[in-house]
Amino acid sequence: MPKEEDKLSALSPRDRQVLKEILEGESDPNKIAERLGVKEVSVISSAEGLAERGLVSLDKKVEEVYSLTEEGARYAEIGLPERRILEIAGSEGVPISEIKDPSLKVGIGWLKKKGWATVEAGKIKPVGDASPGKDEEILAALLFQGETSGSALDQEALKLLKSRGLVESRAQKSWSFEITEEGRFSLRMAEESSRSSSGVLDYIAQITPDMIKNGVWEGRYLDYKGARYEVRPYDVALPAERIYPGKVHPYQRLLSRMREIMLEMGFSEIKGEIVQPSFWNFDALFQPQDHPAREMQDTFYLESRAEIPDYASVKEMHEHGGDVGSTGWGGSWDPEVSRREVLRTHTTSVTIKYLADHPNPPVKAFSIDRVYRREAIDPTHTPEFEQLEGVIMDEGLSFANLLGVLQEFYAKMGFEEVRFRPGYFPYTEPSVEPEVYIEGLGWVELGGAGVFRREVTAPFGIDHPVLAWGLGVGRLAMLRLGLKDLRLLYQSDVGWLRDAPVSARM
C-alpha cells in the first residue's frame, strides 16, 4: 500500500489544485474551472483521476434536457395551428375550404384529437372547453426559460411535442464532487511534508536535460537555479493511451502480398473488363451453351450485346470437337448467345483472352480482380468477391510443374502443409484441388487448378500446355485474418479495423 503522501505526490499540479478547491467545499466542475482559469473538461478529468485514487467521491448524472425546434419556437410565439383555427372559427365555426394556409391545415386533425372541435358537412365547429393544454404550457415555458430538464416537464406532453417535431432533446451530463476522509488526510500530510521541506516552491511535471545535468538532487527534491522543487513521480507500469494510426486495410494488405508473391515468382499482372461477352466468359472455355452455370441464378446478364472475334473454330469445337480427338458437345452453337454480355463470373475470362492474343510461349501471367455471381449474402458468400488467377504456357510443361508452382505459392503465403486432391473442372484436365492444413480446422480447400483442355486452347492456335489455377481470395482472407463473417472485409467496421494488427507481411 502506498503512503498517503506518496499517493498525493503522484498527482499533477492541476490535480492538487482541483483537490484543494473540492476541500474548500466547491462541488460544481464549471465553477472550479472558472476559479482556476481552465476548461471544465480538464477539471472533470482531474476529478475522475482523484476518484480512482479514493481522494474524492464523484456523483455523475445524465438527464434529458429539452429545447424548442425552429418550428416549435414559431408556434410558441404565434400559437399552435389548432389554437389559431379556433380563433378564426369563433363560436360559429368555419368551413374547411376557408383554411387555405397549409401550415394551418395540420391543425384540423389535432382539433379533433383534442376534442376541441368537430367537422360536420365540411365545417369546423368548436365544442367544449379549449383551455391551454400541457403542450402549450411547455412551449411557453421553453420559449421563456430556454433549455429545461425533462424531469420538470410533463412527460406525455413532451412525447407529443417531440412527435410533432416541435421540441428536441439531448443528454446532459452533470457532476458533483466531495472530498473523502482519505483525501483530507492526504492533503494534511502533504502540507506537513512541505513545511518540513522548507524552500519547496512548486512541483515539476517535466524534467529538462539541463535540470538533469546542472541540478542538485536530494531524493525527489531538486535545487535548480536558486529554487527548490519537488519532482512529480511517474509510474512507468501504467498503460499508455491507445492510439489508432492510419494503416492499410487488412484485406488490401493481403491482396498486395499476393500480388507481391506473384511478381516475385516471375509473373506479369494482366487486367480485363468487368463486363465480358459470353464468348470469353463461357464459350472460349468450352462450356456448352446449355450449361447450368450460364443460368440466371448464377450469372448477372445484361441487356447489351457485344462484338465477338471470328468464332468459326470455337463453333466447330463445340459442335464436332475439331481435330483434337474430341466429340464436342453436339447440337448447334448459336453466336447470338455468345454475344450476350455478363458481369464476369471468373477472371478466367481475362486470362483466356490474353492467351488468345499471345498464343506463342512463354506466357506467365496472373490477375487479381473482382468477379460477380448471383449468390445469397451470408457469412461465407457475397455476390461480388476477388479471385486470383494464374496461367503458365511454355514448351514441355507438365502437371508436375503445376503442383510445384502451387506448392511454392502457398508456402510463400505462410502455409507449411499443402496437399493436392483430384478434382473436376469444365475446362481443365487433369484437375486438382489444393488444400492447406489449418490448426483447429484441418485440411481446407483453397482453389482449383489444372491443365487447360485442348478444346480450350486449340481454337486459338495455342499448341503448348497451359497450366492454370484460380483461388477464391475471400476464403483465404478469412483464414489469415481469423474472421467468421466474410462481409467484414467489405464493411466499414471501425472497431475491427482498429483492432486488426498492422503487419508488413501477412
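At a glance:
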read-out	value
Helices (runs of 4 or more DSSP H) (entirely within region 423-506) containing at least 1 residues that are of a type in the set (Gly, Ala, Ser) and farther than 21 Å from Ser367 by Cβ	494-499
Some residue of region 390-409 being within 20 Å of Gln287 (Cα to Cα) and part of a strand (DSSP E or B)	yes
Matching option when the condition is closer than 30 Å to Arg164 by Cβ and under 37 Å from the mean Cα position of the chain (by Cα), among Val38, Val65	Val65
So Ala130, is it among the hydrophobic types (A, V, I, L, M, F, W, C), part of a loop (DSSP other than H, G, I, E, B) and modelled with pLDDT of 80 or more	yes
Qualifying residue in region 237-248 (condition: surrounded by 18 or more Cβ atoms within 10 Å (Cβ to Cβ) and within 30 Å of the chain's Cα centre (by Cα))	no
Spans of strands (runs of 3 or more DSSP E) in region 21-127 with at least 2 residues on the phi < 0 side of the Ramachandran plot and among the acidic types (Asp, Glu)	56-68
Complete set of residues in region 370-398 that are crowded, with 16+ Cβ neighbours inside 10 Å and under 28 Å from Arg454 (Cβ atoms)	Val371, Arg373, Gln387, Leu388, Glu389, Gly390, Val391, Ile392, Met393, Leu397
Unique residue being exposed (fewer than 13 other Cβ atoms within 10 Å of the Cβ), of a type outside the set (Phe, Trp, Tyr) and over 40 Å from the mean Cα position of the chain (by Cα) when the list is Gly219, Gly266, Gly215	Gly219
Subset of region 410-421 (residues that are among the aliphatic types (A, V, I, L, M) and either outside any helix (DSSP H, G or I) or in contact with a helix residue (DSSP H, G or I) (Cβ under 8 Å, 6 or more places away or on another chain) (or both))	Met413, Val418
Residue list for region 274-307, restricted to those being under 13 Å from Ile352 (Cβ atoms) and of a type in the set (A, V, I, L, M)	Ala284, Leu285
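So that you can scan it fast, the table gives a plain yes or no per residue for (1) over 25 Å from Tyr354 (Cβ atoms); (2) at pLDDT 90 or above; (3) aromatic (Phe, Trp, Tyr):
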position: Met413; (1), (2), (3): no, no, no
position: Pro426; (1), (2), (3): no, no, no
position: Tyr437; (1), (2), (3): yes, no, yes
position: Gly440; (1), (2), (3): yes, no, no
position: Glu445; (1), (2), (3): yes, no, no
position: Gly450; (1), (2), (3): no, yes, no
position: Leu476; (1), (2), (3): no, no, no
position: Arg498; (1), (2), (3): yes, no, no
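The values are calculated or read from the model by the stated rules, or taken from the named source; none is laboratory data. Every value quoted in this text rests on a predicted model; they were computed, and no experiment measured them. FYI the Cβ positions are ideal-geometry reconstructions off the backbone, even for glycines, and counts take in every protein chain you see.
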